[in-house]
1. Of everything in region B:45-63, what is among the charged types (D, E, K, R) and part of a strand (DSSP E or B)? Give them in sequence order.
2. Give the residues of region D:30-44 that are touching a residue at least 12 places away in the same chain (Cβ under 8 Å), facing chain B (nearest Cβ under 8 Å) and outside any loop (DSSP other than H, G, I, E, B), sorted by residue number.
3. Looking for something of a type outside the set (Gly, Ala, Ser) and under 22 Å from residue D:35 (Cα atoms) - is there at least one such residue anywhere in region B:31-46?
4. Does region F:2-19 hold any residues that are facing another protein chain (nearest Cβ under 7 Å) and under 30 Å from residue E:9 (Cβ atoms), and which are they?
5. Any residue in region C:45-58 that is polar (S, T, N, Q), at the interface with another protein chain (Cβ under 7 Å from one of its Cβ atoms), surrounded by fewer than 16 Cβ atoms within 10 Å (Cβ to Cβ) and over 19 Å from residue B:5 (Cβ atoms)?
6. Name the one entry in C:3, C:42 that is hydrophobic (A, V, I, L, M, F, W, C), surrounded by 19 or more Cβ atoms within 10 Å (Cβ to Cβ) and farther than 25 Å from residue B:62 by Cα.
Protein chains: 6
Amino acid sequence: MPIIEVNMFEGRTSQQKREMISAVTQAVAQTLDVPETNVRIIIRELSKDNFGIGGKTAFELGR
Amino acid sequence: MPIIEVNMFEGRTSQQKREMISAVTQAVAQTLDVPETNVRIIIRELSKDNFGIGGKTAFELGR
Amino acid sequence: MPIIEVNMFEGRTSQQKREMISAVTQAVAQTLDVPETNVRIIIRELSKDNFGIGGKTAFELGR
Amino acid sequence: MPIIEVNMFEGRTSQQKREMISAVTQAVAQTLDVPETNVRIIIRELSKDNFGIGGKTAFELGR
Amino acid sequence: MPIIEVNMFEGRTSQQKREMISAVTQAVAQTLDVPETNVRIIIRELSKDNFGIGGKTAFELGR
Amino acid sequence: MPIIEVNMFEGRTSQQKREMISAVTQAVAQTLDVPETNVRIIIRELSKDNFGIGGKTAFELGR
């Protein structure tokens, strides 16, 4: 613990994902006062057809 | 809020997903008394090999 | 299947939850063409201290 | 109920998944005293680029 | 990895939860060929008012 | 999007949660190049009886 799940749109590079994992791990470790080695992060990538905002898909909304 | 996660078998068309997102957003907004614009929906698609019912996969059960 | 997870703020009545479960089950069954008996819904209630929007908690934002 | 979500690295065979679903269903049914037919299992497969341990991805760590 | 999430009705004893955690850890480790020490299990307890089956809550259905 | 779910042990103060939400929102916004206002964070608090590591609960392990 802690275990973090990040739901985000597909399409990021491996480099962006690594930077995000590193930065979020630091942010969580510092504020919750846990060792970085305890922090686990799961990335769940979504297509814009699979995310709805106010009744429309992100694809329909041009997000 | 609210944020809804819909776990469903893969294979639906974009049109079916849009109709589901629209209908579920309306149902949630009306019954929980929130603006539709607040409602977020995440669709997680599953293969029938990745869903178990009573110890067998949906694929094995011919679902 | 489908299995739906509804994340929402705590404080709704049992009656509101029942109406939401009934309405969302119908909406999902009709649009995804599955029997209502197949639809499962999990409600996860959150305090406003446990939900962040743009870096602030819903409580801080007076939501 | 119960509904189990298994997050695991991608790459297992269908046979391994079936054995895991069968074994976990039995383990849950016996210890929680519910019929096996009530137990649902969702498998979520992850790439090693999408899982962080202590600030590094599983891929970077050679897991 | 793997990380397992177990959604179940509230009301089990600590002893039952420990037995379930031990049995599921073994089942997963053996079938997915990973060390038991890698297996993490999150238990999410639900009230019967917060789980819907076919449009009715588990409470309404007397489950 | 992105929507983050943070699973963590119960017992933190509101202030710690706010600092974590603020720091994680910044980390995600900067590395994934999205506005902070788009970032949503759900906190799920767990008791040490409801988290298993290697077949034992965090409570049994004195975590």
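1. B:45, B:56
2. Correct list: D:38, D:40, D:41, D:42, D:43, D:44.
3. No; the residues of region B:31-46 include none that is of a type outside the set (Gly, Ala, Ser) and under 22 Å from residue D:35 (Cα atoms).
4. Matches in region F:2-19: F:3, F:4, F:5, F:6, F:7, F:8, F:9, F:12, F:14, F:17.
5. no
6. Testing whether each residue is hydrophobic (A, V, I, L, M, F, W, C), surrounded by 19 or more Cβ atoms within 10 Å (Cβ to Cβ) and farther than 25 Å from residue B:62 by Cα leaves just C:42.
Rule-based calculations on the coordinates, nothing more; no lab input. Everything numeric in this text was worked out from a predicted model, so none of it was measured. For neighbour counting, all protein chains shown are included, and Cβ atoms are generated from backbone atoms with ideal geometry for every residue, glycine included.
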